[in-house]
Amino acid sequence: MANVALIETKPSRTNFFSEFDEAFEFDRFALCSDPTIKKVLKKNVDIEFNPDNYEWVILVGADTVKYFTKASVTDHSGKIVDEKFLPVINPAMVSFKPESARTWEESKKNIVGYITGSKKVVKYATDKIYGIRDSEQLKKFLQAAIDSPNSFIGLDSETSGLYPRDGYILGVSVCYERDHGVYIDSDCIDEEASWLFQELFNKKIAVLHNAKFDIPFFKFHMGWEFPRYEDTMLLHYCIDENPGTHGLKQLALQFTEYGDYEQPMYDWIADYCKRNSVLKEDFTFEAIPFEVIQPYAAIDAIVTFLIYAKLKPSVQKNKKLDKVYNEILIPASDFLIDVQDNGVPFDMDRLKFGQLEMQKSIDESVAELYLEPKIKEFEAFQGKQFNPNSVMQLRTLLFDFLDLSPTGKKTGTGSNSTDAEVLQELAGQHPVPQLILNIRQKSKIKNTYLDKIIPQLDRDGRLRTSFNIHGTTSGRLSSSGKLNMQQLPRDNPVVKGAIKAKPGHKIISMDLTTAEVYVAAVLSKDKELQNVFRSGQDFHSTVAKQVFKLDCEISEVKKLYPLMRQAAKSTTFGILYQAGAPTVADQINKEARSNNMDYRFSLQEAQDVIDQYFKTFKGLKSWIDVNKEFISKNGYIYSFFGRKRRLPNVLSSDGGIRSHAVRSGLNFLVQSPSSDVNLLGAIDMNKFIKDNKMKTKIFALVHDSILAEVPEDEIEMYTTTLKKFIQKDRGLSILGCPIGCDFEIGDDYSLGKFEKQYGIL
């Protein structure tokens, strides 16, 4: 029997011998011998251990894995690392996070198999993994791929940048049969070879991992088209919607025997950066010699091929998920390729103006801050200049020196928080928090947005960033890359105002109105709630009048009973997101403060409103209760369009985790369909634009909004057609009352706020 060691972070009562089914014996160690230490730091490590004395070493938990390897316990649990290490998650997690149960069981099975010899360590055939730098050899390979019996190929690219206009293709990886992959130097792709590539794509299904990245490079630099393609990242998203789980490396570890095949290449990169004094963030793949990158790039295509063979049948078996994949995700990928290529239109003059304006405003706020008598006293007290960017100094200033009352909000370490929300609350006690907040907000606008946008603009003045299909559990798009379009500053129009249409065009924003509540009204079949929409009047005013039985016309509610309207609004969304009376009361009070209303809503008042709300909308209450029970019992729920939300943590031993899982499921039921209504409408509109050769460009989806740059002579056609697609009956409509959508038209995305604040520019 193999000589085995097991190492955990600190001594525990876990019976690992039993956990591993008594399949093998082992010596047991701990990084830290003191079981009373809550968080084991490097200074606490006192293990005396030599890995060379053992054939296998089981590493339990993230800290232990990190100490002995460069691996991640999340990605490598149950996998072999550095020939002898076997990382595994801590089984103690399973009781309070049941979502980890599958990982633990699969990892345990693999570990037992490796140690007992029942699971063989697979060595891939290196003779079938090679590089091609010769045009004639490439043509023979491509012809063999075209003639192969398989209906699909694995395809990948290596590039010198993250966007087609910022870099070029270094090489192309292709796999047309199991375990046979090549990496092709782009320099040997001549005209004839390029034609054969296109023939290959015409005949076979091209399978990529994150096709939305590779296809734009292939189109822009090679002119290749893809009549049929599949995406392993989106297939995996169908079967596991949790963000951060869809990387090719992670899926290769999970679904293939190639393991952590890229690690030697990344070790080479680390060594290169060290030898040449290059920051890792500045390193590009073009610095890697062909002979170094070739085997790993080739395996990229192989594992894509193998992952597809595993995942495609799994998704096809589930008709709902298969429909989501084919009718939403793949069309969304095509659509976002166009959106990203369209780019966000920026005005350079406004960006530069914004830089100067923000810096001027920051300087003024900083000067005002240092003129504050209390700041001068504090500097004298601590014997040095106050640094508003120092969290420790700020915390001392606010809570010790100024003696302001803490809000109760804490950091992860248990200290009083000094975040924006806290500073906003403290501003009522002293002027300093507001000054700090002003400096922070303006600095973020300048540093995070304006300063970074300008150097990243393409020659046409547009910024091409990324929109992600797989970044949220609900299906709502996320944004990343050069600019996160989902998180543009709201309080200052300087960034949105710089998103400006070119002459003869307008920026048009289409927003869904009360979309999630509309979805809830449809799904719950609550006739009273549906009638609120049918009334055609302000939703929250109508609800307020019904719930509170107000003695005025609906049109007068906002003016006469603003707090009641806010209470109705907060309760509506609070109920949809399963917020209790404390949250509802807090939301109402925040709104009251922002409108200078001298009133405080109590917990009892909030609970009374919730109770009255459910008495008014009984169908909604019943629908919520039924779905809560289903989620709690089954640990999953499907959206209207067929997306699946897996919620195994409803079985957690921790009540807070259980409740959060149920809330997440209910949120998903309303968030996901409303997001898909918007996305499907945008997809249809984009196809209409292309089919009719319109010059309109959709350049972003932001939450429930669709943003486009529209020629003035296409405005009527665009708005009319988009409304038709958004309100198309997809089975999710109130009879006689389609979902609401509002259009705002302006020269820029701020829709006039920029000019109002800064003047015409």
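Since every read-out is calculated from the coordinates, none of them should be taken as a lab result. Not measured: the values here are computed from a predicted model. Here the Cβ is made from the backbone with ideal geometry for all residues, glycine too, and neighbour counts use every protein chain on show.
Brief remarks on what is shown
- Approximating the spin labels as points 7 Å out from Cα along Cα→Cβ, the LYS409-to-ASN53 distance works out to 5.2 nm.
- Rounded to whole Hz, the Karplus (6.51, -1.76, 1.60) HN-Hα couplings of the stretch 175-187, x for glycine and proline: 10, 10, 8, 3, 6, 10, x, 10, 10, 10, 5, 4, 5
- Pairs from LYS559/LYS756; LYS10/LYS644; LYS376/LYS590 whose Cα-Cα separation, in the structure shown, is over 28 Å: LYS10/LYS644; LYS376/LYS590
- Student exercise, the stretch 471-537 dipole from Lys, Arg, Asp, Glu Cβ charges, in Debye to nearest 20: 380 debye
- Each 5 Å bin, from zero up to the one with the longest distance, holds this percent of the alpha carbon pairs of the stretch 126-317: 1, 8, 16, 21, 21, 17, 10, 5, 1, 0, 0.
- Neighbour-count order for ILE507, ILE330, fewest beta carbons within 10 angstrom listed first: ILE330, ILE507
- In this structure the amide hydrogen of ARG28, modeled in the peptide plane, comes within under 5 Å of the amide hydrogens of LEU6, none closer than 5 places in sequence on its chain.
- Span from the the stretch 1-45 Cα centroid across to the the stretch 87-112 one, whole angstrom: 15 Å
- Kirkwood Rh, Cα atoms: Rg over Rh of the stretch 691-748: 0.99
- Put in order of Cβ neighbour count within 10 Å, fewest first, the listed residues ILE7, ILE683, ILE239 become ILE239, ILE683, ILE7.
- Dipole moment magnitude, nearest 20 debye, the chain about Cα centre, only Lys, Arg, Asp, Glu C-beta charged: 1960 debye
- Between LYS452 and LYS120, the modelled labels are 5.0 nm apart [label points 7 Å from Cα along Cα→Cβ].
- Square roots of 5 times each gyration tensor eigenvalue, C-alpha, the stretch 452-603, largest first, Å: 36, 19, 18
- In terms of distances greater than 19 angstrom between alpha carbons, the cross-link table entries LYS70/LYS280; LYS500/LYS723; LYS569/LYS621 yield LYS500/LYS723.
- Only Lys, Arg, Asp and Glu carry charge here, each on its Cβ (+1 for the first two, -1 for the last two); on that basis the stretch 4-116 has a dipole of about 580 debye about its Cα centre.
- Checked against a 22 Å cut-off, the cross-linked pairs LYS693/LYS724; LYS66/LYS119; LYS444/LYS753 give Cα-Cα distances beyond that limit for LYS66/LYS119.
- Our estimate of slack between ARG228 and GLN359, defined as 0.36 nm per intervening residue step minus the Cα-Cα distance, is 42.1 nm.
- FRET E, pair ARG730, LYS527, Förster distance 22 Å, beta-carbon r, rounded to 0.05: 0.55
- Residue among TYR168, VAL547, GLY61 farthest towards the positive dipole end of the chain, charges placed on Cβ: VAL547
- Isotropically averaged projected area of the chain, using the convex hull of Cα atoms (one quarter of hull area), nm²: 38.3 nm²
- Rounded to 5, the percent of DSSP beta bridges in the chain classed as antiparallel: 65 percent
- Distance between the stretch 669-743 and the stretch 276-341 - C-alpha centres, whole angstrom: 28 Å
- Shape category assigned to the stretch 4-116 from the gyration tensor of Cα positions, a/c cut at 1.5: rounded
- Cβ-based exposure ranking for TYR370, TYR163, TYR229, in which fewest neighbours within 10 Å come first: TYR370, TYR229, TYR163
- Across the stretch 48-61, computed HN-Hα scalar couplings (Karplus, 6.51 cos²θ - 1.76 cosθ + 1.60, θ = phi - 60°) run 10, 8, 10, x, 5, 7, 10, 6, 10, 10, 8, 10, 9, x Hz from first to last residue, x flagging Gly and Pro.
- Residue (of VAL584, GLN757, PRO455) at the positive-pole extreme of the chain, dipole from beta-carbon charges: VAL584
- LEU402 sits among other residues whose Cβ lies under 12 Å from its own Cβ, and their net charge, with Lys and Arg +1 and Asp and Glu -1, is -2.
- Value at 222 nm in deg cm²/dmol, rounded to 500, when DSSP H runs of n ≥ 4 in the chain each add -39,500 (n - 2.57): -14500 deg cm²/dmol
- Residue (of TYR237, PHE141, SER157) at the positive-pole extreme of the stretch 126-317, dipole from beta-carbon charges: TYR237
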